[in-house]
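The values are calculated or read from the model by the stated rules, or taken from the named source; none is laboratory data. Everything numeric here is computed off the predicted structure, so don't read it as measured data. Cβ placement follows ideal geometry from the backbone for every residue including glycine, while neighbour counts extend to all protein chains displayed. Side chains are part of the model used for accessible areas, which takes the heavy atoms of the whole protein and leaves out ligands, DNA and RNA. Shrake-Rupley method; radii C 1.70, N 1.55, O 1.52, S 1.80 Å.
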Amino acid sequence: MALQYPLLFPYGERGFQVGVLYEGHASTSPNARTKMTEQDYYRCLFHYKPDQPNPYLCYGSLSAQAKVDARACIDESRLWYIIDNQKKLRSESIQGIADAVGRGCIDGDFFTTFTCNAKCPEIAEAIACHPGQKPSDRADMIVRVYNMKLEELMEDVRGGTAFGPVAAVLHTVEFQKRGLPHAHIIIWLLQDTSQPTPDFINRFISAEIPDPNEDPLGYALVAEHMMHGSYGPTFPRCPCMKKGRCSKGYPKPFQEITTITEDGFAVYKRLDNSRFVEKGGVKLDNRWVYVTKGPDCAKVYIQRIKDGEDAPFDT
């Protein structure tokens, strides 16, 4: 890193090296770590410090590239540790998954995603301290805020609040092309879901626009985040348009009830109820809604922010 980024190491510093002791650290346990890890080192360098210029945060694309390379170095070190210490590692952390697979639940019961919103108030407030910066310039703030919200969601999932009692949960975080973190989550339930019914599916999945009079917040959330549009022949430059058609299969056909095909795939209810969301001068109805139960989850966290306390899930 020091040789690759001379602007970040202007005085010829060596960068990270093995064996650096923590400053002022007093060990309280014989097994306590006393030496700095590579992740500790780069966290210190990339951490925001009030009223102190930090080249790791204010060099735009160079700072972003340095973050990626630092993360790659950390992950490589961890992978080598895993390779060299296979006999010492334990598997208690995946025991729930092993139990679920042992019961025959190989594919999991739910697959859900959790995406970062760069416009969330915590990120906007943090970036406002440095005029001229964009969310893409402060990956440190984005990742910290996203991780806090992801941990809160995972706590609700593991506690059974979101989907009911769970046997195991597995998730991984990736970064999308636009640079925002995005989690893939697989959930195994304790109950038997080998023969799902339409009523069971409707409890967790919706593909319709909420009633704006009965649920204005849900309507606003779906309109802002969960509509696949405006796309079509009048918007040929949209990313999903391939050969004049939407590659994602939108608009979907209207569907009176949720059904399950012979192949085991669910076709979700999309009523022709005259509800619509207007985007770009185009009225989008239920045929353009992403398959989601997102409004319930989103409303919970919005309410928590307003009240400063945990709110029950709107199920």
### Task
Could you tell me which of Phe163, Gln191, Pro253 has its Cα farthest along the dipole of segment 141-292 towards the positive end, charges placed at Cβ (Lys, Arg +1; Asp, Glu -1), taken about the Cα centre?
Pro253
### Query
Do any of Lys243/Lys269; Lys134/Lys177; Lys149/Lys279; Lys119/Lys279; Lys67/Lys149 go past 24 Å between their Cα atoms, and which?
Lys243/Lys269; Lys149/Lys279
## Note on the structure
So, with points 7 Å from each Cα along the Cβ direction, the Tyr11-Lys242 label distance in nm works out to 5.5 nm
### Query
Near Lys87, which lysines are there with a Cα under 25 Å away, not counting those fewer than 8 places off in the same chain?
Lys35
### Query
Taking 0.36 nm per intervening residue step and subtracting the Cα-Cα distance, what contour gain separates Gln65 from Glu151 on full extension?
28.3 nm
### Query
Just how much of Val68 is accessible, in Å², when a 1.4 Å probe is used and the result is rounded to the nearest 10?
100 Å²
### Query
Stretched out fully, how many nm does the piece from Gln86 to Val20 gain, at 0.36 nm a residue minus the Cα gap?
21.2 nm
### Query
At a Förster distance of 41 Å, what's the computed FRET efficiency of Gln4 paired with Thr161, Cβ-Cβ distance as r, to 0.05?
0.35
## Note on the structure
Restricting to aspartates and glutamates and to Cα separations under 18 Å from Lys252, and discarding same-chain partners fewer than 8 apart, the set is Glu208, Asp272, Glu278, Asp285
### Task
Keeping all protein chains in position, work out how much accessible area Tyr22 exposes to a 1.4 Å probe, and write it in Å² to the nearest 10.
60 Å²
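Just to make sure I understand: if all protein chains stay in place, what is the order of Arg245, Arg158 by accessible area at 1.4 Å, largest first?
Of Arg245, Arg158, the descending order of accessible area is Arg245, Arg158.
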